[in-house]
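Worksheet: one structure, shown below.
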Amino acid sequence: MPIFRFEEIINPGSSEVYDIRSRVPGPAGQIPLTPEMLRERPSGDLFGLTHDVGMGWDPNQLGGPEVLILSTHGGIRRPDGTPVALGYHTGHWEVSLLMEAAAAELKAAGAVPFAGYCTDPCDGRTQGTPGMFDSLPYRNDAATVFRRLIRSLPTRRAVVGVATCDKGLPAMMMALAGTPDLATVLVPGGVTLAPSDGEDAGRIQSIGARYAHGEVTLDYARDMSCRACASPGGGCQFLGTAATSQVVGEALGLSLTHAALAPSGHPIWTDMARRSARAVLTMEARGIRTRDLLSEASLRNAMVVHAACGGSTNLILHLAAIAHAAGLRRPTAADWTATNRRVPRIVDALPNGPKYFPTVQVFLAGGVPEVMLHLRRAGLLETGVLTASGETLGRMLDWWEGSERRARLREVLRERDGVDPDEVIMDPQTAAGRGLTSTVCFPTGNLAPEGSVIKSTAIDPTVVDADGVFRKRGPAKVFTTEPAAMEAIKDGTIRPGDVIVLMCRGPMGAGMEETFQMTSALKHLSFGKHVAVLTDARFSGVSAGACIGHVSPEALAGGPIGKVRTGDTIEIVIDRNRLDGSVNLVGPDGGGVAEGDRILAERPAPEGLQRDAALPDDTRLWAALQDVSGGPWGGSIYDVEAILRVLEAGRK
């Protein structure tokens, strides 16, 4: 780190800094004010026009509909794309180009575009660090900021939301959903490309654990780490939370058809932003508002598409939050279970497999509308819902099925990548024949009396019995921090057959941190498929394996997971066909669940369990507010009426 001399800090680099003028002529021309405007409009509206020309807008081009473009852009790029200052991640690095394309289209159509930003963190960058304590709480904060920015431009007639990744994109959808009386459109930030010879951005996050076990060399780690993010923009190459959020946004009708998962930086990506600008102006002119897009039916469609794609379990939180923002009923675990029992997974993508196609190839194979074609044929979609195009979903699928776009992109996938599109997105019969199972399951038991969640489709099939049931009985290895669990994985303390129990990492303990550092290591270590995880934390959307999260109640809320001790016997049963499961403490030496119930009932509440010492007050406040608002199963949102009732009761 350089240390500058005092003189270098206080002295300017050039005498030019002293060439200062206190007055300038100001912008040329006249603002087209009318007598009615001067008599009737608020002073803020009038002064806003003064700001507009002060920033360089031609006063002769004022008067068109004002459209606000919001994004999560981060970093400072030169025009040639090279960095002046880095962003937090590739997902927001290039989205300013989408904003620019949309703004140019709006201006060409006679509208007046405005732009605002609230950048987002990277869950990959904060894995295993205290930065993860702010991850989920950030989503609520950002949604609030976006809504405040929308309201702070009182003259806006429509909103374009541009976002890409795990928390910024759900926050943007919450903000748009909470803006029911405006025309809005969502522009997803797309995906980064896969390296031609290298590891994807999910696998590379296990490189430290694999090196510690001697499974890779130092040169290999250096080489693969350099190329995993193969192109500068877009979300990660797997169907994790970022990509799943893009898919869900399109399935809700907030985005244009075939917008999700576009390759960042490509012409087809910026073209989507231009067409989205046209769409939002058309919606405004036709009187179509966000409330016309979001409905109980569109929520059900989003859940169906999520199940068909094998989406991230984090969307259980985020879709509930979007529904709440829209004033709709929040989906429950029972709703998700019913959906997954009737909807087959038909997409083969990272991290679920079996062939692990990257998300850009899912896009080329047809993306969301191709999945929807199969779902429509199966009678699983409600096609009368309205979409951001201004047309019904049914009409958009009719267009897609016979479109040049569909034919040409699927041909690109065949000719350029040598991949059959029907290997990526399959009909239900083919998918079943290849072993694809439904997406999520919600185990209960004496360790999770209020529920838990597992992406059952991502359990390694080689550890699943012939009847489609995953069965495991093993000794608990208990940890209260993820770094301690990771150390045990790296130093050999964790052995095949173990069940890692990570407690005190729920909302109250650690902001319901994401634990992908641990699950990634287990997925990619040679013995990892023989280890299970049980935690009151949550998982990255790219997590796979026998990993059970969202265990409720959490340890610090008195949940029985907090009573587990190292050496206890844990039994896990996950039926991937019926989509039910259990997670129980059982008696030793072949004892059953009843013996485990007795042990838990007689075992005193543990002493010394506490929140992480580094948990910031901001996150503690979030944890308390979301707890009285329905907790994680309710989307970890702020239910203002519920919060006010609790505060009022406290005053009494």
I'd like to know if the stretch 241-249 contains one or more residues that are assigned to a loop (DSSP other than H, G, I, E, B) and surrounded by 17 or more Cβ atoms within 10 Å (Cβ to Cβ).
no
In this structure, is Val531 farther than 30 Å from Asn140 by Cα and either touching a strand residue (DSSP E or B) at 6+ places or on another chain (Cβ under 8 Å) or touching a residue at least 60 places away in the same chain (Cβ under 8 Å) (or both)?
yes
Just the residues that are of a type in the set (Lys, Arg) and within 26 Å of the chain's Cα centre (by Cα), please, taken from the stretch 375-405.
Arg376
What are the residues in the stretch 463-485 that are of a type outside the set (Ser, Thr, Tyr), more than 28 Å from Ser438 (Cα to Cα) and open to solvent by 10 Å² or more (accessible area, probe 1.4 Å), if any?
Pro475, Lys477, Val478, Phe479, Pro483, Ala484
Taking Glu648, is it farther than 25 Å from Ala242 by Cα, part of a helix (DSSP H, G or I) and without any contact (Cβ under 8 Å) to a residue 12 or more places away in the chain?
yes
Going by what's in this entry, would Leu502 be described as at negative phi and crowded, with 24+ Cβ neighbours inside 10 Å?
yes
For the stretch 544-578, the count of residues that are in a loop (DSSP other than H, G, I, E, B) and either open to solvent by less than 10 Å² (accessible area, probe 1.4 Å) or aliphatic (A, V, I, L, M) (or both) equals 6
Would you mention how many residues in the stretch 426-444 are aliphatic (A, V, I, L, M) and over 13 Å from Val371 (Cβ atoms)?
2
Which condition from (1) assigned to a helix (DSSP H, G or I); (2) out of contact with any Gly (no Cβ under 8 Å at 6 or more places or on another chain); (3) in contact (Cβ under 8 Å) with a residue 40 or more places away in the chain; (4) farther than 18 Å from Pro358 by Cβ is the one that Val159 breaks?
(1)
So Ala601 ticks every box in (1) assigned to a helix (DSSP H, G or I); (2) under 21 Å from the mean Cα position of the chain (by Cα) but one. Which box is left unticked?
(2)
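Residue by residue, here is whether (1) touching a residue at least 40 places away in the same chain (Cβ under 8 Å); (2) among the β-branched types (Val, Ile, Thr) holds:
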site	(1), (2)
Glu554	yes, no
Gly558	yes, no
Val564	yes, yes
Val583	yes, yes
Gly587	no, no
Residue count, the stretch 625-645 (criterion: open to solvent by less than 60 Å² (accessible area, probe 1.4 Å), part of a helix (DSSP H, G or I), free of Cβ contacts under 8 Å to residues at least 24 places away in the same chain and within 18 Å of Arg139 (Cβ to Cβ))
2
If Tyr88 satisfies all but one of (1) crowded, with 17+ Cβ neighbours inside 10 Å; (2) assigned to a helix (DSSP H, G or I), what's the number of the condition it fails?
(2)
Search result, residues across the stretch 440-462 that are open to solvent by 10 Å² or more (accessible area, probe 1.4 Å) and in contact with a Cys (Cβ under 8 Å, 6 or more places away or on another chain)
Lys455
Of the residues in the stretch 1-51, how many are assigned to a loop (DSSP other than H, G, I, E, B), surrounded by 10 or more Cβ atoms within 10 Å (Cβ to Cβ) and among the aliphatic types (A, V, I, L, M)?
2
Among the listed residues Arg651, Arg603, identify the single one that is modelled with pLDDT of 95 or more and either open to solvent by 10 Å² or more (accessible area, probe 1.4 Å) or more than 30 Å from Phe238 (Cβ to Cβ) (or both).
Arg603
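The values are calculated or read from the model by the stated rules, or taken from the named source; none is laboratory data. Note that the coordinates shown come from a computational prediction; the quantities given were computed from them, not determined experimentally. Virtual Cβ from ideal backbone geometry, glycine too; neighbours counted across all protein chains shown. Surface areas here come from the heavy atoms of the whole protein model, side chains and all, with no ligands, DNA or RNA. Shrake-Rupley method; radii C 1.70, N 1.55, O 1.52, S 1.80 Å.
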